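First comes the structure, then the notes that go with it.
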Amino acid sequence: ILDSGSQTAQLIARRVREQNVFCRMVRHDLSAERIREINPRGLILSGGPASVYADGAPLPDPELFELGIPILGICYGMQVICRSLGANVDSAETREFGRSPCRVVDPGGLFSGLPDELVVWMSHGDRVVALPPGFDVVAKSEGAPFAAIADDQRRFYGLQFHPEVIHTPHGTDLLRTFALKVAG
């Protein structure tokens, strides 16, 4: 887990470990070379309080996206993936905070076996306004047209919501699918 200052980064680690999967939390700016040495099966980019376009925003090494490792971005982590791969992230008209109904539009991948309608926990003031090449919309909410995105070919995934909190009832299922099926 690359930690970008999320209040729930330890909770992400706990949810992954509850799946009997080893995980380590490291700084957001660990070099791609060091990550290659560690040789993880997958990476999770945590959320965080910053805006990806702010001066001094915690951004990962851009070469991270060239390692061929599955990546899951959570909230700010999804925005980092999109901005790093050439998409636009902008300040939302209204901050989305709290429980939000989310509609799954592509029931495969991370959402395989889950209901078409989910309740998720949103907490963001910025939003992705265009997807990078290769990505598809997987889920939508009223305030987030890109609530979940996927590039299945590169095994990059993004969730605008927080799967690690209990307010997202199927969040553990999403983390389990990423850890066990995507990252192996």
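Note that the range 67-74 has calculated 3J(HN,Hα) couplings of 7, x, 9, x, 10, 10, x, 10 Hz, one per residue in order, obtained from phi through the Karplus relation 6.51 cos²θ - 1.76 cosθ + 1.60 (θ = phi - 60°); glycine and proline are x. Evaluated with a Cβ-only charge set (Lys, Arg +1; Asp, Glu -1), the range 1-95 carries a dipole of roughly 460 debye about its Cα centre, given to the nearest 20.
In the range 1-158, the portion of solvent-accessible area held by carbon and sulfur atoms comes to 45 percent [1.4 Å probe, whole percent, DNA, RNA and ligands not counted]. Each Cα pair under 8 Å and six or more residues apart adds its separation to the average, and for the range 1-40 the resulting relative contact order is 47 percent. In a DSSP loop and with at most 15 other Cβ atoms within 10 Å, the chymotrypsin sites (Phe, Trp or Tyr not before Pro) in the range 1-90 are 22, 53. Classify the range 1-118: rounded, prolate or oblate, from the alpha-carbon gyration tensor (a ≥ b ≥ c, eigenvalue square roots; a/c under 1.5 rounded; otherwise prolate if a/b is larger than b/c)? It comes out oblate by the Cα gyration axes. Largest accessible area first, the residues 4, 112 order themselves as 112, 4 under a 1.4 Å probe with ligands, DNA and RNA left out. Per residue of the chain, the DSSP helices (runs of n ≥ 4 H) give a summed -39500 (n - 2.57) that works out to -4500 deg cm²/dmol at 222 nm.
Considering only 43, 85, 72, the mean-square fluctuation computed in a Gaussian network model of the chain, springs between alpha carbons under 10 angstrom, is largest for 85. Taken as Cα centroids, the range 33-47 and the range 127-160 sit 21 Å apart, rounded to the nearest whole angstrom. For the range 82-184, GluC sites (Glu not before Pro) are listed when DSSP marks them as loop and at most 14 other Cβ atoms sit within 10 Å of their Cβ; the list is 142.
Structural descriptor for the range 26-89: relative contact order 40 percent, calculated from alpha carbon pairs under 8 angstrom and at least 6 residues apart.
Short-range pairs are left out: with C-alpha atoms under 8 Å and at least six residues apart, the relative contact order of the chain is 22 percent. Taking amide H as placed 1.01 Å from N in the peptide plane, the amide H of residue 44 sits under 5 Å from that of 2, 72, each at least 5 places away or on another chain. In the range 103-184, the alpha-carbon atoms span a convex hull of 87 Å³ per residue.
Cα gyration tensor of the range 46-184, axes a ≥ b ≥ c as square roots of the eigenvalues: rounded (a/c below 1.5), prolate (a/b > b/c) or oblate? Here the range 46-184 falls in the oblate category.
Per residue, how much accessible surface does the range 1-122 expose to a 1.4 Å probe? Answer in Å², no decimals.
Details: 6400 Å² over 122 residues.
Ligands and nucleic acids excluded, the figure is 52 Å² per residue.
The values are calculated or read from the model by the stated rules, or taken from the named source; none is laboratory data. Remember, predicted model here, so these are calculated numbers, not experimental data. All Cβ positions, even for glycine, are placed from backbone atoms using ideal geometry, and neighbour counts span all protein chains on display. Heads up: the accessible areas ignore ligands, DNA and RNA and are worked out on the full protein's heavy atoms, side chains in. Shrake-Rupley method; radii C 1.70, N 1.55, O 1.52, S 1.80 Å.
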